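Student: Got a structure here, written out as C-alpha cells. Questions coming.
The values are calculated or read from the model by the stated rules, or taken from the named source; none is laboratory data. This structure is a prediction, so every number in the text was calculated from the model and none was measured. As a convention, Cβ positions derive from the backbone with ideal geometry for all residues, glycine included, and neighbour counts pool all protein chains shown.
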Amino acid sequence: MIIGKENVTQFIRYNKTPYWRIKRSESEQHFVANSGDEESLPLEESIMRLGQVFNILSPGNYFIEAWTTKGQTKSWNRDHFQILPENSAFVGSAQIQHAANSNLDVQSEIQKALTNYKQEVELAELRRKVGELEKENRELQASAESALGRIWTKVEPYINTYMGSNVKTGELPAIGKADVEQKRLETAFETWQEKEPDVITLVEKIAGMSQKDPGTYQMARQMLLNS
C-alpha cells in the first residue's frame, strides 16, 4: 500500500504513467476520477490533475491503476493507497472513516474541476491566436499603406502638374474640378496597384513610348479610350 498523496504522485512519476484512474477498491467497477483520455497527455499535466483530485477526495483507502499510453490494455501499474487526514503523520487504515453524512458527489466535483482547467487552457490558447492575428493584420495594413504612400509620393508631382494646380505636395485642392480629377486619379492608382505590382515603372514605360514611338502610343491610347 502507498501511504500519502506525495507518494502516490511519486508512483505516477517514477513509472512514467500519465494515464490513471482511481477507484474506492480493487474490485469496484466504477472509478471516482481519471486523468482524461487525450491522445497525448504530458506527464506533468497528468500530475497536476492528480493534485486537483487529491484536493477533493476525503481521507481514506483507494485503489489506483496507471498506464503509459492511451489505449494500453496490458502492463498496468496497480496498487492500494491511503490518503491521510491533514495534520496527521500517520493513521492506521482501521482508524480512517468516511463521514457518514457527506452528500458530496465526488465524481461530479472532480469532473467539474477538470473541465474548468481545460476551458482555461483553451481560452488562453484562443487569446494567443487572436493576438497573433491582430498583430499580423496591423503589419499587413502598415505594409499596404507604406507601399501606396511610396507610389503616391512619386506620382503626385505629375498629377499636380497635369491639373495645373499650385497645390503643395501632400495637400489636396478643397473644391472644383481639380479636386474631382485628383480623386479619380487616386482611385485609379489604388485599383491599378491591386493587379500591377510596379505601377511606377509601367507609367515610365508609357511616357517613354509617347516620345519614342508615337504611332504605337496613339494606337494603344485609342484602344483604351474606346474600351
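Student: Only one residue in Ser58, Ser40 is out of contact with any helix residue (DSSP H, G or I) (no Cβ under 6 Å at 6 or more places or on another chain), surrounded by fewer than 17 Cβ atoms within 10 Å (Cβ to Cβ), in a loop (DSSP other than H, G, I, E, B) and at pLDDT below 90, so which one is that? Spell out the reasoning first.
Tutor: Details: Ser58 fails: at pLDDT below 90.
On inspection, the qualifying residue turns out to be Ser40.
Student: Across segment 106-139, what is the number of residues that are of a type outside the set (A, V, I, L, M) and more than 30 Å from Arg24 (Cβ to Cβ)? Spell out the reasoning first.
Tutor: Quick first cut of segment 106-139, residues of a type outside the set (A, V, I, L, M) only: 107-109, 111-112, 115-120, 122, 125, 127-129, 131-132, 134-139.
Pick out the ones that are also more than 30 Å from Arg24 (Cβ to Cβ) and you get 122, 125, 127-129, 131-132, 134-139.
Adding up the residues that qualify gives 13.
Student: Sticking with this one: Quick check: is even one residue across segment 62-77 farther than 14 Å from Phe31 by Cα, over 27 Å from the mean Cα position of the chain (by Cα) and surrounded by 18 or more Cβ atoms within 10 Å (Cβ to Cβ)?
Tutor: Yes, segment 62-77 has at least one match.
Student: I've got another one for you. Could we say that Thr115 is modelled with pLDDT under 90 and either more than 25 Å from Met48 (Cβ to Cβ) or among the aliphatic types (A, V, I, L, M) (or both) here? Working first, answer last.
Tutor: Numbers: modelled with pLDDT under 90: yes; either more than 25 Å from Met48 (Cβ to Cβ) or among the aliphatic types (A, V, I, L, M) (or both): no.
So Thr115 fails the test.
Student: Same structure, new question: Would you confirm, using the coordinates I've provided, whether Glu6 is over 21 Å from Ser108 (Cα atoms) and charged (D, E, K, R)? Talk me through it step by step, then tell me what you get.
Tutor: Numbers: over 21 Å from Ser108 (Cα atoms): yes; charged (D, E, K, R): yes.
Yes; evaluated as a whole, the condition is true for this residue.
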